[in-house]
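> Following this message is one structure expressed as structure tokens.
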Amino acid sequence: MTQGPVLFVLDPSTPRFGLLVGSFASTGLAPFELLALDRDEGTDRALFDAARRCSPRLVVLGLGLDAAMFSPRLPRVETLVSLRRELDVPIVATLDDGHTLAAMDLANAYAPAVDLFNVQDDYGTYREAATNASRYWPSWTPLDPRLFGGRAGRRDVDVAVVAGTGTTPDAARESTEQLRRTGATVLTVDDGTTALADACARARIVVHLQPDDAVCGPADFAAPAAGALLLARDNPHVRRWLEPRTDFAPFTDPDEIEAIVQFHLAHGDQHARIAERGQRRVRDECSARLYWRRLLTLARSPAPSADLQPV
């Protein structure tokens, strides 16, 4: 692997991919360049030109369904195969919406050109749908600690409701109104957006609202990283990284949210204890630096058991 920069080839307006670039920038591990997938004329020539110019140590491809809808915006598989052969550069693909079969179809189409796939939300679908599940690394969502680092300041909001993947606007609005009727101050944001950092810094409790088939989202790491208490649906994807009732407050049914929020607002000692443990867990075990060191190692020589090694 050369000592050149990391070359990101993705749409930075996709929340998960924007967080990815910011997390790498925060580590200072290596310089990086960004080739944004926002050109209608296609990225194949631009990708080759950029790679030949900078001789990247790694290419990080963002595979998102939004970009795939506009075929010229994603480089062709043949282009990536040629690039990898000519420059001897490893290619890692990070999936957006890895819990959907459509996303897995896209990943399988790119399998001949990719050395390692990274999933950050669903740690089960790829095992059933991937062409070669041994080339998948399930990880947490890395965050820029400069934005999600527990900034000091007065928490002037009781609850932030984060609308996660699959949450309808009506569900988010109903949950927000229900909490406001208790007298709590509440704000609502979408998962993964730039507003998420501000919401997690201001709120005492962050409710990550998701449907029954919940996956793992940026808010599950952003809230504890910022020192807020995370209230999230209890599911195996979140439990892979955080322990219920120790690192976060779990719920199994949205009807439980109001009572859990009221309890923690009234019991500041228990609220603070769980929030502190969650922050320590994310800081020590789910940091951006750990993510990128692991990814750079796997990209050099992805092991058959890479999908089973979280750290």
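The values are calculated or read from the model by the stated rules, or taken from the named source; none is laboratory data. Since we're looking at a predicted model, the values are computed, not measured. FYI the Cβ positions are ideal-geometry reconstructions off the backbone, even for glycines, and counts take in every protein chain you see.
> Is it true that some residue in region 126-141 is of a type outside the set (Val, Ile, Thr), on the phi < 0 side of the Ramachandran plot, in contact with a Pro (Cβ under 6 Å, 6 or more places away or on another chain) and modelled with pLDDT of 95 or more?
There is no residue in region 126-141 that is of a type outside the set (Val, Ile, Thr), on the phi < 0 side of the Ramachandran plot, in contact with a Pro (Cβ under 6 Å, 6 or more places away or on another chain) and modelled with pLDDT of 95 or more.
> Further question on the same structure: With respect to residue 261, determine if the residue is of a type in the set (Val, Ile, Thr), closer than 21 Å to residue 99 by Cβ, in the same structural domain as residue 174 (by TED's automatic domain parsing) and buried (at least 18 other Cβ atoms within 10 Å of the Cβ).
Details: of a type in the set (Val, Ile, Thr): yes; closer than 21 Å to residue 99 by Cβ: no; in the same structural domain as residue 174 (by TED's automatic domain parsing): yes; buried (at least 18 other Cβ atoms within 10 Å of the Cβ): yes.
It is false that residue 261 is of a type in the set (Val, Ile, Thr), closer than 21 Å to residue 99 by Cβ, in the same structural domain as residue 174 (by TED's automatic domain parsing) and buried (at least 18 other Cβ atoms within 10 Å of the Cβ).
> Give all pairs with beta carbons closer than 7 Å in which a residue from region 279-292 that is closer than 21 Å to residue 117 by Cβ meets a residue that is at pLDDT 95 or above and not in a loop (DSSP other than H, G, I, E, B); count only pairs at least 6 apart in sequence or on separate chains.
286/221; 288/23; 288/26; 288/27; 291/23; 292/24; 292/27
> Filter region 191-206 down to the residues that are crowded, with 21+ Cβ neighbours inside 10 Å and either touching a strand residue (DSSP E or B) at 6+ places or on another chain (Cβ under 7 Å) or modelled with pLDDT of 90 or more (or both) and list them by number. Break it down stepwise before answering.
Of region 191-206, the ones crowded, with 21+ Cβ neighbours inside 10 Å are 191-192, 196-197, 199-201, 203-206.
Once the filter is applied, which keeps residues that are crowded, with 21+ Cβ neighbours inside 10 Å and either touching a strand residue (DSSP E or B) at 6+ places or on another chain (Cβ under 7 Å) or modelled with pLDDT of 90 or more (or both), region 191-206 yields 191, 196, 197, 199, 200, 201, 203, 204, 205, 206.
> Within region 237-258, can you find the residues that are of a type in the set (A, V, I, L, M) and either out of contact with any Pro (no Cβ under 9 Å at 6 or more places or on another chain) or outside the structural domain of residue 199 (by TED's automatic domain parsing) (or both)?
Across region 237-258, the qualifying residues are 249, 257.
> Looking only at region 119-151, which residues are farther than 21 Å from residue 19 by Cα and either of a type outside the set (S, T, N, Q) or crowded, with 18+ Cβ neighbours inside 10 Å (or both)? Spell out how you get there, then give the answer.
Taking region 119-151 first, the residues farther than 21 Å from residue 19 by Cα are 124-135.
The answer is 124, 125, 126, 127, 128, 129, 130, 133, 135.
> Still on this structure, please answer the following. Looking at 102, 93, which is the one that is part of a helix (DSSP H, G or I) and either assigned by TED's automatic domain parsing to the domain that holds residue 238 or free of Cβ contacts under 8 Å to residues at least 60 places away in the same chain (or both)? Quick ask: steps written out before the conclusion?
Values: 93 fails: part of a helix (DSSP H, G or I).
The unique qualifying residue is 102.
> How about region 209-236: which of its residues are in a helix (DSSP H, G or I) and either outside the structural domain of residue 164 (by TED's automatic domain parsing) or crowded, with 24+ Cβ neighbours inside 10 Å (or both)? Give the derivation first.
Here is the first cut: in region 209-236, the residues in a helix (DSSP H, G or I) are 219-225, 236.
Scanning region 209-236 gives 219, 220, 221, 222, 223, 224, 225.
> Out of 182, 188, I need the residue that is free of Cβ contacts under 8 Å to residues at least 40 places away in the same chain, β-branched (Val, Ile, Thr), more than 30 Å from residue 293 (Cα to Cα) and surrounded by fewer than 22 Cβ atoms within 10 Å (Cβ to Cβ). Which one? Lay out the reasoning, then the answer.
Working: 182 fails: free of Cβ contacts under 8 Å to residues at least 40 places away in the same chain.
Selected residue: 188, the only one of 182, 188 that is free of Cβ contacts under 8 Å to residues at least 40 places away in the same chain, β-branched (Val, Ile, Thr), more than 30 Å from residue 293 (Cα to Cα) and surrounded by fewer than 22 Cβ atoms within 10 Å (Cβ to Cβ).
> Scan region 237-253 for residues that are outside any helix (DSSP H, G or I) and in contact with a Cys (Cβ under 8 Å, 6 or more places away or on another chain) and jot them down.
Our first condition is that a residue be outside any helix (DSSP H, G or I); within region 237-253, this holds for 240-253.
Within region 237-253, 240, 241 meet the criteria.
> On to the next question. Test of understanding: among 73, 57, 84, 52, which residue is of a type in the set (Lys, Arg), over 21 Å from residue 298 (Cα atoms), modelled with pLDDT of 90 or more and assigned by TED's automatic domain parsing to the domain that holds residue 295?
Values: 73 fails: modelled with pLDDT of 90 or more; 57 fails: over 21 Å from residue 298 (Cα atoms); 84 fails: over 21 Å from residue 298 (Cα atoms).
Answer to the check: 52.
> For the subset of region 78-118 comprising residues that are among the acidic types (Asp, Glu) and within 15 Å of residue 138 (Cα to Cα), which member is surrounded by the fewest Cβ atoms within 10 Å (Cβ to Cβ)? Let's see the steps before the verdict.
Taking region 78-118 as the starting set, the residues that turn out to be among the acidic types (Asp, Glu) are 78, 86, 88, 96-97, 105, 115.
Narrowing further to those that are within 15 Å of residue 138 (Cα to Cα): 96-97, 115.
Values: 96: 25, 97: 22, 115: 18.
Out of the qualifying residues, it is 115.
> List the residue pairs whose Cβ atoms are under 7 Å apart, where the first residue sits in region 254-273 and is part of a helix (DSSP H, G or I), the second is surrounded by 16 or more Cβ atoms within 10 Å (Cβ to Cβ) and among the aromatic types (Phe, Trp, Tyr), and the two are 6 or more positions apart or on different chains.
Listed by first residue and then by second, the contacts come to 257/251; 260/251.
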